[in-house]
1. Considering only residues that are outside any helix (DSSP H, G or I) and free of Cβ contacts under 8 Å to residues at least 12 places away in the same chain, look in the range 225-250 and name the one that is surrounded by the most Cβ atoms within 10 Å (Cβ to Cβ).
2. Where residues in the range 290-324 are without any contact (Cβ under 8 Å) to a residue 12 or more places away in the chain and touching a Ser or Thr at 6+ places or on another chain (Cβ under 9 Å), which of them is surrounded by the fewest Cβ atoms within 10 Å (Cβ to Cβ)?
3. Specify the residue that is surrounded by the most Cβ atoms within 10 Å (Cβ to Cβ); the eligible residues are those in the range 79-91 that are assigned to a loop (DSSP other than H, G, I, E, B) and on the phi < 0 side of the Ramachandran plot.
4. Filter the range 431-448 for residues that are free of Cβ contacts under 8 Å to residues at least 12 places away in the same chain and either touching an Asp or Glu at 6+ places or on another chain (Cβ under 9 Å) or surrounded by 14 or more Cβ atoms within 10 Å (Cβ to Cβ) (or both) and give the result.
5. Can you name every residue in the range 38-54 that is touching a strand residue (DSSP E or B) at 6+ places or on another chain (Cβ under 8 Å) and either closer than 21 Å to S349 by Cβ or of a type in the set (A, V, I, L, M) (or both)?
6. Please count how many residues of the range 33-70 are in contact (Cβ under 8 Å) with a residue 60 or more places away in the chain, outside any loop (DSSP other than H, G, I, E, B) and not hydrophobic (A, V, I, L, M, F, W, C).
7. Out of all the residues in the range 136-153, is one or more basic (K, R), farther than 20 Å from E174 by Cβ, assigned to a helix (DSSP H, G or I) and assigned by TED's automatic domain parsing to the domain that holds A170?
8. State whether one or more residues within the range 372-381 are of a type in the set (K, R), touching a strand residue (DSSP E or B) at 6+ places or on another chain (Cβ under 6 Å) and either assigned to a helix (DSSP H, G or I) or surrounded by 15 or more Cβ atoms within 10 Å (Cβ to Cβ) (or both).
Amino acid sequence: MEELVALCKRRGFIFQSNEIYGGLQGLYDYGPLGVELKNNLKQAWWRSMVFDRDDVEGLDASILTKPSVLKFSGHEDTFTDPLVDCKECKSRWRADQLKSPNCPSCGSSDLTDPRPFNLMFKTSVGPVEDSDSFAYLRPETAQHIFTNFKNVVDSTSKSLPFGIAQIGKAFRNEITPRNFIFRVREFEQMELEFFVTPGSDEDWHKEWVEARLAWWAEQGVPKDNLELYHVPDEELAHYSKATVDIMYKFPHGLEELEGIANRTDFDLGSHSKNQDELDIDSSVMENNESNARLAIQDQETKKWTVPYVIEPSAGVDRGVLAVLNEAYKVEDLGEGKSRTVLALKPHLSPIKAAVIPLKKNHEGLVGIASDIKKNLQKLRLGRILLENTGNIGKSYRRHDEIGTPLCITIDFETLEDDSVTIRDRDTMEQNRIKILDLPKYLETVIIK
């Protein structure tokens, strides 16, 4: 973990938030390369969930959440962690994560009894601060999908099965944020709520588990490095009938990368009016002030159905950490030499290609390099970088370390025959190629 953290700081992937003021625990900022990697991972998820399917629509909902939404979703009552205080050093810990009855900080056994700690952030809404004018920062992106269910159905005429996808910020007031960007207080989620006919939910649950394993493999996290954890009944969330966690061996240990939950009709039922008419289990939630009927009507039978929901939910930050961990390598080159490589999948790489003139500020070489950069950038494959440093060796090593798949060198031979040297990050092989062939070659490498 220390090596990854150092690389992220040194090369501009991830910084401690508010660092010049001493930092703020559990918050991180994504730097110039980190924001590209993060956006590329989100775009890959969005393509697979929305663009590649005809049964999923997208959503981008608000972060501020009306308290009644989280009251009737069950979050106000259940979204808590057990908190203990050390009476000696005044540190605070999650009771369920203590490996012994002693304080991890000072070793004292003088701890308070566990008490529930609500994880949701509150903020005031409007000009007057009082107990009735507040909202929560959403603890998950899912609830706004459920409350928009009717809007999406009415505007798209979707029929079962179909899904609603969303990528967005969520906030949890973690007692002990830890392990770099794995557990933080402000993070992004990639969530799909896939609505299915009751009775088909278990088959769809299995199908989505397999689909998510395959997707992570496409991002460079192979199935062999993932484990499935079928969450025991006593550990299930209040809304879940069954949950399968995709577990990954992070640098700090085996932990959840993504969860795929069968949420049944809990959420749509909780936010619906006329629950008796919709044949919803009364144990789900008392009827509330919602004015919506979150159900789908069969056009032939006219019978209303409250769908069951399968939810694949992944943390973007955890995904970034897993992808970085898999890609990070230190290769022995012999004779006491080594190189650091981020062997990222090309579609995730922050920079797709670096265009490097052999001699710094040489008018002819830099001019050709600039034209090549502009033409390749028009392909819209991602960021193309012009690097006018004049030190080819150092440039190669830098781009190995940040995961750039290709380096394109403009040398004096280029002035004679319009060819350039292409260097591959993974093999370090160098080949000559005509400038006119560069766009097709780059597309082949990036889109595969």
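1. L236
2. Q299
3. So, considering only residues that are assigned to a loop (DSSP other than H, G, I, E, B) and on the phi < 0 side of the Ramachandran plot, the one surrounded by the most Cβ atoms within 10 Å (Cβ to Cβ) is F79.
4. Hit for the range 431-448 is N431, nothing else.
5. Residues of the range 38-54 that are touching a strand residue (DSSP E or B) at 6+ places or on another chain (Cβ under 8 Å), as a first pass: 38, 42, 45-46, 49-50, 53.
Within the range 38-54, K38, K42, W45, W46, M49, V50 qualify.
6. The qualifying residues number 11.
7. yes
8. Yes, that holds for at least one residue.
The values are calculated or read from the model by the stated rules, or taken from the named source; none is laboratory data. Every value quoted in this text rests on a predicted model; they were computed, and no experiment measured them. As a convention, Cβ positions derive from the backbone with ideal geometry for all residues, glycine included, and neighbour counts pool all protein chains shown.
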